[in-house]
Every structure is written in C-alpha cells, then in structure tokens.
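Participant: Handing you this structure, nothing more for now.
FYI, it's all coordinate maths here, none of it is from the lab. Predicted model, so just to flag it, every value in this text is computed and none were measured. Positions of Cβ are backbone-derived with ideal geometry, glycine not excepted, and every protein chain shown enters the neighbour counts.
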Amino acid sequence: MPVTQKIAPGRLFIGGQWVDAVAANTFTTVNPATEEPITQVAEGRAEDIDRAVKAARQAFEGPWAGVSAADRGRLLWKMADLIESRLAEIAEVETLDSGKTITESSRVDVPMAADCFRYFAGWATKIEGETIPVRAPCFSYTLREPLGVVGQIIPWNFPILLAAWKVAPALAAGNTIVLKPAEQTPLTALRLAGIAEEAGLPPGVLNVVTGFGPTAGAALVDHPGVDKIAFTGSTAVGQEIMRRAAGSLKRLTLELGGKSPNIVFADADLDLAVRGASNGIFYNKGEVCTAGSRLFVEESLHDALLDRLSAFTAKLQQGDPLDPKTRLGPQVSEGQMNRVLSYVDKGKGEGARLVAGGSRAPGKGYFVRPTIFDDVQNGMTIAREEIFGPVLSVLRFRDLDEVVRAANDTPYGLAAAVWTKDIKKAHRAARLLKSGTVWINTYGLYDSAMPFGGYKMSGFGRELGRHGLLEYTQTKSVWVDLS
Ligand code: ADP
C-alpha cells in the first residue's frame, strides 16, 4: 500500500480536542513529487481561530499558570523524546507533504526539532529576574513574565523545524499558543499537536489551526485576545501582518525573506567553496530563506569555480524525495514552481547567461532543474528579488570593498557567507556585512543555542538561543518601599 494511503484526514486541535472546523470545510494537501492528493485537512477560519484563542487564554489564566517552571521543562523534554521516537514517521510525512528529501527531513529537520525542544526544556528553570540598585530606599526587582497567548504562523519550507523554533521557547517561557501551519504543509504541525497531547500538556496550551493565510492567518493577527504574533514567511506578508497588528499593538517577531550573498575570495579552499555554493542554493531545492542565491566570485577564481560548480551540480540527483540518494526534490507546489520558472525567464530576458538547468524536469511532480546564471549584474531582477527556488546568480568582484558594497546593496539582510583563508579579511567582512548571520568558510549552519534573525527588510526579533527565549517574555519592575 502506498504510504500516502496511511495518512488520516487532519482535524483541528483546540483546547485539547480534535475537532472539525465550525464550517466543516476541508482542503486537500498534495504530494508535490507526484501531484497526487495526500489527505484532507480541516480548513480553520476566523471562528475556529476565535475558539482556539479562547482555549489558549483559558489555559494561560488557568492550569498552565500553575505548572512550575521545572514541570514545563519536563514536558518540553518529553516532547523532544516523543519527536525522536517518531522520527522516521514524522520525517516521511514531512517529505510527502513538502517534497524535501528524506535525507534532509530524517537527518536534519526532525532531529533538530527534537533538539530545539530539549534545548528550551533546559531554559524553563533559568528565566530569572534581577535585583536593581535604585536611588530611593527601595527593594527593586524585575520579574520576567510570559506574554500570554501567542499566535505563531509558519511557512512551508521547514514545517516541523520552524514550528519547533516557535513552540519550544514560547512554552518554556510559560505562554500558550495558537499555531497556524502553512496550507501547503499542514501535516507535521498536527503530529506535533498529537505529541503535545501525549506528553501531557494541559488542554489549550498548544492549539493548532490549519487553514489559509488570508483567512485563518489574518484572523489570528487581528484577534484582540492574542498578545504576540511570531511569523516566518515572505516579506510582503510580514508587512501586511505589521500593518494589521498595529490595531491591537501586538508584539511581533518577523523572520522574512533574504537574498543572501555567498562570497568566494580567490584564496578560498576551492573544494569547500564549491560544496558551500552548491549547498547554499540547492539545499531544500532552494526553498530556504537564507539561500545563498547571489554567489560573488573574485574575478581570478571565477572560471575555475564556475566549471567545478557546474560539474558538481550536474551530479546532484533529482527525483523521488523518498529515495535516500536523492539530493533535490520538487518545489513545494505548482504555484511555487511556476513562480521560480518565471524568474528563470526574467533572468534570460535581462541578459544573464544560463549555464545549467533553466527548465522544469519532464514527468510528474513540480521539479525545477538546478539552475545557474552567470554574468549576472546586481541590478537584475534575479539578483534583487527572492526566488525561493534552485536558481543561482553568479556575480564577479575585484576586492573586499567592492564586494561588500554590492553584497549590502539589497533591501534584505538575513545571512551572508565568506570563503577565504585570510583570517583578517574574513572577520572584516563579517563586520561589514549587514546581515543577521555571517558564516565563514561554511554555509547554512544552525544550532538551537545560536540566535537567528534578520537585519533590514529580513525582519526583526531573534529566534533560538537566549535571545529567542526572551522574545517570549516581558519585564515587570516591582518596587518595595523599605523606608
Ligand atoms: P508564501 O507566499 O511563500 O506561501 P507566505 O509568507 O505567504 O509565503 O506564507 C507564510 C505563512 O503565512 C503561511 O502559514 C501562510 O498561510 C501565512 N499567511 C499568508 N498570508 C497571510 C496573511 N495575510 N495574514 C496572516 N498569515 C498569512
């Protein structure tokens, strides 16, 4: 029996109950590798969001407030264990729903999601206030309190992992949650809800409402009972969320788009740089907000690097994402594939030189061939706009100053990388690059302990690490008269 037939329809998880949407609507989630339906999922709308927010509020004011920090930590730890014990199943569902390779989902996404819960489990008991010496004869101290009900909206490129990045710190800090996964990839968030239930999280602490952005997502942003929105997705939707959240002055963290420069100096280790350039753009078929989509190569290394990179790319196996040998799966949806292909057309139209790929792969599935454009100018559309697909722009440069200027000449500032053996040049570049992350002689590393987030129009706020935890807290100052 094909695996897809094993997946039961998805219901909403609200107040600890699995329920249908009030309007009883459902939508189909599709396997992008086969174009076949996987299952039906409940389509939550404003009235479902309202129920979920009320359940989250009740849990926040009620049972969750009575759970000690140590017990919150134990619950998170248990969720980590449960994710690990279901690793193979969750990874398979993730691959079916998103098209990412099974190697990535089983070796990276799901283990890192478990790690994130375990990391934040440790933080639950370490959220401390301060005593502060003030002028008045007072005992003055601060309390770090949770925000309340947080709405979390996640995208389709790392569904379980980005859910973990948001859910784990919010729970560690004592908040309750309404989570809305992306409509393209709703299935693993529902698995996470099942795990929360099994771990013994009190009803209403984590609610999952599947549905569409303009209905369910927007209702969450508009809801007056929500204290914060944590969003990862496109810059355009981030701007819309910021406008709408102004109405009730919600706290926001926004992790948005990128057009990250990957800079290779002539003195770089060529083998490592080729691998880094390829991983930088083709990992998760380019559907990565930190994708190294602008590859800047120092003039004298350009031809050698491009030859090697083209040869390396030609060997990447594209196809069935459930096959462990596959390196490149399909784009997440037909719409996304078409969007990527329209950028390929723009690249050709604006005079960039196509050296690899540039088309849809034949047969079923939304596969776009790994694509490399050479002779790209930084002003071209393919060098300015986020494509979110396996399309690399190669640009040349002569020296550090020139490349830093070009690299920073973008509205985005999510990540950047530098490849060089010169330690001074590497660290100078790290300081000059306007981005939330800089990798030196590596690409795409993450850790639950290391803060992640954007500069400029890539958003604000940080996820992961202590910084990520504090985004889910607020400070109360308490004054006690001692005179
Ligand atoms: P993409 O355009 O690549 O699908 P989005 O930024 O639109 O990426 O989607 C990221 C998440 O934001 C998804 O969960 C989506 O449902 C949600 N979303 C989309 N539009 C809105 C909106 N207007 N308000 C709130 N959430 C939204």
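Participant: Could you tell me the center-to-center distance, by alpha carbons, between segment 368-388 and segment 396-447 in angstrom?
Facilitator: 18
Participant: With 10 angstrom as the radius, rank Lys456, Lys325 by how many other C-beta atoms surround their C-beta, starting from the fewest.
Facilitator: Ranked by crowding around the Cβ, least crowded first: Lys325, Lys456.
Participant: Given segment 261-447, what percent of its DSSP beta bridges are antiparallel, to the nearest 5?
Facilitator: 15
Participant: Normalised by the number of residues in the chain, what is the relative contact order in percent for Cα pairs under 8 Å and 6+ residues apart?
Facilitator: It rounds to 18 percent for the chain.
Participant: Same structure, new question: How many lysine pairs are close in segment 261-447, with Cα atoms under 18 Å apart and the two 8 or more places apart or on different chains?
Facilitator: Counting lysine pairs in segment 261-447 gives 6.
Participant: Among the lysines, which fall within straight-line cross-link reach of Lys78, defined as a Cα-Cα distance under 22 Å, with same-chain neighbours fewer than 8 residues apart omitted?
Facilitator: Lys126, Lys166
Participant: I would also like to ask the following. For Val418, Val391, what ranking results if the residue with the fewest other Cβ atoms within 10 Å of its Cβ goes first?
Facilitator: By the 10 Å Cβ count, ascending, the order reads Val391, Val418.
Participant: Obtain the nm distance between the two label points defined at Ala236 and Arg384 by a simple spin-label model: each point lies 7 Å from its Cα along the Cα-to-C-beta direction.
Facilitator: Each label point is offset 7 Å from its Cα along the Cβ direction, giving 1.5 nm.
Participant: Any chance you could check the Cα centroid distance between segment 54-110 and segment 120-186 for me, in angstrom?
Facilitator: 15
Participant: Still on this structure, please answer the following. Give me the Kirkwood hydrodynamic radius of segment 261-447 in Å, from all C-alpha pairs, to one decimal place?
Facilitator: Here the Kirkwood hydrodynamic radius works out to 16.4 Å.
Participant: Can you give the net charge of the other residues whose Cβ lies under 11 Å from the Cβ of Arg144, counting K and R as +1 and D and E as -1?
Facilitator: With Lys, Arg at +1 and Asp, Glu at -1, the neighbours total -1.
Participant: Same structure again: Return the distance in nm (one decimal) between the two label points of a simple spin-label model at Ala361 and Thr125, each offset 7 Å from Cα along Cα→Cβ.
Facilitator: The answer from the label model is 4.9 nm.
Participant: Whole-Hz Karplus ³J(HN,Hα) for segment 24-34, in order, using 6.51 cos²θ - 1.76 cosθ + 1.60 and θ = phi - 60°, x for Gly and Pro?
Facilitator: The phi angles translate into 6, 7, 9, 9, 9, 9, 10, 7, x, 7, 10 Hz.
Participant: If you don't mind, another one. Would you please name the GluC sites (Glu not before Pro) within segment 42-137 that are DSSP coil residues with at most 16 other C-beta atoms within 10 Å of their C-beta?
Facilitator: When the GluC sites (Glu not before Pro) of segment 42-137 are filtered for loop state and at most 16 Cβ neighbours within 10 Å, Glu128, Glu130 remain.
Participant: If the chain between Ser85 and Asp447 were fully stretched, how many nm would it gain, using 0.36 nm times the residue separation less the Cα-Cα distance?
Facilitator: In short, 128.2 nm is gained.
Participant: Compute the signed sum of charges (Lys and Arg +1, Asp and Glu -1) over the other residues within less than 13 Å, Cβ to Cβ, of Thr313.
Facilitator: Once positives and negatives cancel, what remains is +4.
Participant: Assuming R0 = 25 Å, can you tell me the calculated FRET efficiency for the pair Lys348 and Arg428, based on Cβ-Cβ distance, to the nearest 0.05?
Facilitator: 0.10
Participant: First check a/c for segment 405-483, with a ≥ b ≥ c the square roots of the eigenvalues of its C-alpha gyration tensor; if it is under 1.5, answer rounded, and if not, answer prolate when a/b is larger than b/c or oblate otherwise.
Facilitator: Prolate is the answer for segment 405-483, as a/c is 1.5 or above and a/b outweighs b/c.
Participant: I would also like to ask the following. Excluding Arg398 itself, calculate the net charge of residues whose Cβ lies under 10 Å from the Cβ of Arg398, where each Lys or Arg counts +1 and each Asp or Glu counts -1.
Facilitator: Surrounding charge for Arg398 is -4.
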